[in-house]
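Have a look at the structure below, then the notes.
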Amino acid sequence: MRKMLIANWKMNLSYDDSLGLASKYVELIDKFAKENDIAIAPSFPCLPEIKKKLAHSAIVLGAQDVSSEESGAFTGEVSAEMLAEIGCQYAIVGHSERRLNVNETDEMIGKKINQCFNRKLIPILCIGETSEEKERGERDSILARQLHRALEKVKANSESDLIIAYEPVWAIGTGNPVRAEDLQPVQLLIKRTVCSLFSEKYYSDHVRFIYGGSVDAKNAKEFLQLDFISGLLAGTVSLNADDFLAVAQALS
């Protein structure tokens, strides 16, 4: 089964450094993208030129965010239509950094997913609990609430693929990832919730479960060998081509 790696570069790297890193990805990582799904999510200004860098590569393009609106007077926003025209195939929605730093709500996230579906972008829906919520034993209720509120008004159809990324806030950038054995209950909760909102067939045919949060070369193999995990969403480790190569090598 094809596995997935999403490289989220966040607001890092200069324009030139981003293009240089994309070239290194093509040189080092492309061979792994022939049998797996690998995508780069750089900053918005870099998307068109990085798309050119990937022209003869199996690596594809993703966006770090997308507007919840189709068009109009929304200064600073980037629409799903624009991203699709550039050549993006994926868009990250609901990342915890946007939930926390710009007060992005589950309602907005649901609208973003609908915008992605309307333009045949595959949304990568991020969910996860904070350390305080984890300590209070609220993980499952938080995840179920985020899923319900984000997906309850989503209009999925037989062609609408959805990726759900479990990214616990307490694990992101801390060097303290989730234990692999603790992921199965999360996956089962996600499956149960999505099936209740849509159907078991929709989940089995169109939904992929991936993990993100302090992913590195040491733990990637452990995560990827679990058959219920479809892939990984990588942050810091993806900013260095050699480091990300070590993660990609865990695919084989």
Item to check | Distance between the range 137-189 and the range 80-108 - C-alpha centres, whole angstrom | outcome: 16
Checklist outcome for this item: Given a Förster distance of 35 Å, the FRET efficiency implied by the Cβ-Cβ spacing of ALA180 and LYS34, rounded to the nearest 0.05, works out to 0.85
Checklist entry - Label GLU49 and ASP205 with points 7 Å out from Cα along Cα→Cβ: what is the distance between them in nm? => result 4.2
Next on the checklist: I need the per residue convex hull volume for the range 35-164, using only the alpha carbons, in cubic angstrom as a whole number.
Outcome noted: 130
Item to check | Inter-site label distance for SER71 and GLN89 at 7 Å from Cα along Cβ, in nm | outcome: 2.7
Checklist entry - What FRET efficiency comes out for the pair SER14/VAL102, r = Cβ-Cβ distance, R0 = 25 Å, nearest 0.05? => result 0.60
Checklist entry - From largest to smallest, what semi-axes in whole angstrom does the range 113-219 give when each is the square root of 5 times an eigenvalue of its alpha carbon gyration tensor? => result 25, 15, 13
Item to check | Of LYS10/LYS112; LYS24/LYS53; LYS3/LYS134, those spanning more than 20 Å from alpha-carbon to alpha-carbon | outcome: LYS3/LYS134
Checklist entry - Name the trypsin sites (Lys or Arg not before Pro) in the range 1-83 that are in a loop by DSSP and that have at most 13 other C-beta atoms within 10 Å, would you? => result ARG2, LYS34
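Read the figures in this text as sums done on the coordinates, not as results from a lab. The shown structure was predicted, so the numbers you read here are calculated from the model rather than taken from an experiment. Positions of Cβ are backbone-derived with ideal geometry, glycine not excepted, and every protein chain shown enters the neighbour counts.
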